[in-house]
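The values are calculated or read from the model by the stated rules, or taken from the named source; none is laboratory data. Keep in mind that this is a model prediction, so the values were computed, not measured. So basically every Cβ, Gly included, is an ideal-geometry build from the backbone, and we count neighbours across all protein chains shown.
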Amino acid sequence: MPTSGNQRVAESRFAEKLSYFLRYYEASNLACGLIAARCEPDGDPEWAGLQQLIQERDPQRAVQVFYDEQSKVLFLLLDGTSLADTHYLALQVKERLRDRHRLQGHVCIASFPESGESFEALYQEVIRRLDREAGAADGLQFVVCQPSVRPHRLLLIESDPVVRQLLAVRFARSGYDVHTAKDGAEGMEKYLQLRPDLVITELTLPVMNGYQVIDWLREQQEPDARCKIVVLTDKRLEDDMTKCFQKGVADYITKPFSPIELDWRIKRLLVS
């Protein structure tokens, strides 16, 4: 199956670099404008001309520029910028790209947190828009992400009662609908009852081990099912990690883990 533009961007080093800044703004809840477009390279790897244009229009504005040559996606992050000011600067960016015959479609505009409570969700929606509208007319599109109708439902399968309780409390405080199971058999039963959005499982489990649980979960899901599986385990061998990813696991996290990093990785999976 061919890889979509969305997948290419999401899996690129470009996305890894950009995610650092997304985490920073989301964790600190600081405002940040976002301008994105699919365009040809400008002949300047640092896009100094584009940065200079923004500095001329708004000398106090700090800007970060990201460009992925494979997908031809340009991202600008504007520190402390409202949606209205982002719109003004996007008009200048669009005009420059169009006049230099670089623009290949719409220019997308958003501002965190004004356009949505999750910067990661805004990013994913922008990528979807650019992928869908590739080659379209060079207009402007405002991107807004509405809150979910219901909280995301998580199923945590963990045999250690202390870890199970700590994570259940932490996830609940983050707004998730959290359910727990102490072993693989109970996890299977609760999965059928709840149909969660995401399952977090240990590999070392009584009754059924984590590998058996993962295989069973995959058998229950349709090819386009949205439920994702995360392994959270004390098994640190590369063979275990490789085996899990071959089975279709979305992420593999080893203990001990950073609670903040775990929160971010779960959130990223749920909005992608």
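Looking at (1) surrounded by fewer than 19 Cβ atoms within 10 Å (Cβ to Cβ); (2) in contact (Cβ under 8 Å) with a residue 24 or more places away in the chain, which is the one condition that is false for Arg173?
Result: Arg173 passes all but (2).
In the range 7-40, what residues are farther than 19 Å from Asp68 by Cα, modelled with pLDDT under 85 and outside any helix (DSSP H, G or I)?
Answer for the range 7-40, where residues must be farther than 19 Å from Asp68 by Cα, modelled with pLDDT under 85 and outside any helix (DSSP H, G or I): just Asn29.
Among Glu117, Glu46, which is the only one that is surrounded by fewer than 19 Cβ atoms within 10 Å (Cβ to Cβ), modelled with pLDDT under 90, under 17 Å from the mean Cα position of the chain (by Cα) and of a type in the set (Asp, Glu)?
Glu117 is the lone residue from the list that is surrounded by fewer than 19 Cβ atoms within 10 Å (Cβ to Cβ), modelled with pLDDT under 90, under 17 Å from the mean Cα position of the chain (by Cα) and of a type in the set (Asp, Glu).
Got a number for residues in the range 69-100 being touching a strand residue (DSSP E or B) at 6+ places or on another chain (Cβ under 7 Å) and part of a helix (DSSP H, G or I)?
Here the count works out to 9.
Within the range 189-208, can one find any residue that is surrounded by fewer than 17 Cβ atoms within 10 Å (Cβ to Cβ) and closer than 19 Å to Ile266 by Cα?
Among the residues of the range 189-208, at least one is surrounded by fewer than 17 Cβ atoms within 10 Å (Cβ to Cβ) and closer than 19 Å to Ile266 by Cα, which makes the answer yes.
Take the residues in the range 219-246 that are within 19 Å of Ile266 (Cα to Cα), loosely packed, with under 15 Cβ neighbours inside 10 Å and at pLDDT 90 or above, then tell me which one is nearest to the chain's Cα centre (by Cα).
Once the filter is applied, the top-ranked residue is Phe245.
Any idea which of Arg100, Arg129, Arg96 is more than 24 Å from the chain's Cα centre (by Cα) and surrounded by 15 or more Cβ atoms within 10 Å (Cβ to Cβ)?
Working: Arg100 fails: surrounded by 15 or more Cβ atoms within 10 Å (Cβ to Cβ); Arg129 fails: more than 24 Å from the chain's Cα centre (by Cα).
Answer to the check: Arg96.
All but one of (1) in contact (Cβ under 8 Å) with a residue 40 or more places away in the chain; (2) more than 27 Å from Tyr24 (Cβ to Cβ) hold for Leu217; state the number of the condition that does not hold.
Only one criterion is unmet by Leu217, namely (1).
Could you look through the range 52-68, keep only residues that are within 26 Å of the chain's Cα centre (by Cα) and not in a strand (DSSP E or B), and pick out the one that is farthest from Ser19 (Cα to Cα)?
Among them, the one singled out is Arg61.
So, Arg57, is that one of a type in the set (D, E, K, R), assigned by TED's automatic domain parsing to the domain that holds Gln124 and surrounded by 16 or more Cβ atoms within 10 Å (Cβ to Cβ) or not?
Against the criterion (of a type in the set (D, E, K, R), assigned by TED's automatic domain parsing to the domain that holds Gln124 and surrounded by 16 or more Cβ atoms within 10 Å (Cβ to Cβ)), Arg57 does not qualify.
Looking at the range 169-211 only, could you name the residues that are in a loop (DSSP other than H, G, I, E, B) and of a type in the set (D, E, K, R)?
Lys182, Asp183, Arg195, Asp197, Glu202
So Leu154 ticks every box in (1) under 18 Å from the mean Cα position of the chain (by Cα); (2) in a loop (DSSP other than H, G, I, E, B) but one. Which box is left unticked?
Going through (1) under 18 Å from the mean Cα position of the chain (by Cα); (2) in a loop (DSSP other than H, G, I, E, B) one by one, Leu154 breaks only (2).
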